[in-house]
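Asker: This structure is in structure tokens; I'll ask about it shortly.
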Amino acid sequence: MAGFARDIEDVVNIREGFGVNVEHVRHVRPRKDPFEEYSDREFRNRYRLTKDAVHFVIDLVRGDLEHLSDQALNISPALQVLVTLRYFAKGCYQTELGDLHGISQPSVSRIVHRVSRAIAGVLPRFVHWPQDIERVKQDFYDVAHFPNIVGCVDCTHIKIKNPDGSRPLLYCNRKGFYSVNVQVVCDATSRITHIVARWRGSVHDSRIWNNCTLKDDFEHGRKTGILLGDSGYACTPYMLTPLLNTHNAAEEAYNRAHKATRVTVECCFGRWKSMFRALQNNMQVSLDTAKACISAIAVLYNIKLSYDDNFEYDDNEDIEDEEPVEEEAVVAEQMAGNLFRQQFIRQHFQR
């Protein structure tokens, strides 16, 4: 747990720095209670979670938000959570959010900042390595008969505004936009089991993995099983990658099963981003808040899976598919990994 916390240390100095100055506002637009105003379907379309799940989230962070409520505007913890969920769900401008909820834009900005940090602060409770590893292995095996798999790993770029600072180009990725490169591991149900949301967009996926505490756990035997990654990673006894060239039926069967199984992490990204469109849009918040938002949305995604696995929304909006980013081929794959992969293929895919 301590090692995992280090991976998100740039995001979660969460419980500190909440002090916010609140300007006095004389006139407040009338607000309605969304729990009463909207049907269950309408509520889920707007906030992505069921009413029960939102009540759970409110109770989860209430202690962090009660003493920070905007007293001049009487913004309760419940409304702060709803405003933030609406921002995550739509990725819309904060002015629109303020109009919808009867709150000024500056207050919306502060609310998103504080609520995202509060939710990110409980990330280790909801995004963690699975305890029932044998069940995870069986779930993956049921996909394409690929044995001993405990997770699929990949990275995705989350767009952010120009971070300014002394070296903003470090956040500019190879596709030319500013981003945070986020590493995710998921299980066969697309539940997020590990996340690293602190690396600049210019950093390659393999570097993030090589500096990840999860890799250290596998190397030193604290974690067991096999992860699946794409060809941008080195092949090791605990990280199997596809063969760049196949020479026989067994190798072809291995690659087919690898592709069919690893697609779960791509499905995870698709669901994650379709559910919370702030991950697709250019986050118009500070860099630190953007990182907190990403971690908070991972928490909310897993909470949703526990309450409701329906990912269809009546938004009438197109989801922008993320084009695959060309990965740099790993030139010097570890010999032990190559040997392990060949033995693995002979044992499990040779007929």
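Asker: Suppose we take every Cα in the range 174-254 and form the convex hull; what volume per residue is that in Å³?
Answerer: Per-residue hull volume (Cα only) is 126 Å³.
Asker: Which value results for Rg/Rh of the range 236-301 when Rg is the Cα radius of gyration and Rh the Kirkwood radius based on the inverse mean 1/r?
Answerer: A ratio of 1.19.
Asker: Same structure, new question: My understanding is that a pair violates if its Cα-Cα distance is over 22 Å; which of K90/K161; K223/K273; K90/K273 do that in this structure?
Answerer: Checking Cα-Cα distances, K223/K273 exceed 22 Å.
Asker: Using a cut-off of 11 Å between beta-carbons, work out the net charge of the residues near I226 (Lys and Arg +1, Asp and Glu -1, I226 not included).
Answerer: With Lys, Arg at +1 and Asp, Glu at -1, the net is +3.
Asker: Starting from the 7 Å offset along Cα-to-Cβ, what nm value, one decimal, do you get for the label separation of T189 and N281?
Answerer: So the two model labels end up 3.1 nm from each other.
Asker: Then there's this: Given a Förster radius of 56 Å and the C-beta distance between N248 and L169 as r, what FRET efficiency does 1/(1 + (r/R0)^6) yield to the nearest 0.05?
Answerer: With R0 = 56 Å, the Cβ-Cβ based efficiency is 0.75.
Asker: Which lysines have a Cα lying under 19 Å from the Cα of K32, excluding residues fewer than 8 positions away in the same chain?
Answerer: K51
Asker: Something else about it: Give, in nm to one decimal, the length gained when the segment between E66 and C92 is fully stretched (0.36 nm per residue of separation minus the Cα-Cα distance).
Answerer: That works out to 6.8 nm of additional length.
Any read-out appearing in this document is the output of simple, stated calculations on the displayed coordinates, not a laboratory observation. Everything quoted here is computed from the prediction, not taken from an experiment. Counting neighbours? That spans all protein chains shown, and the Cβs are built from the backbone with ideal geometry, glycine included.
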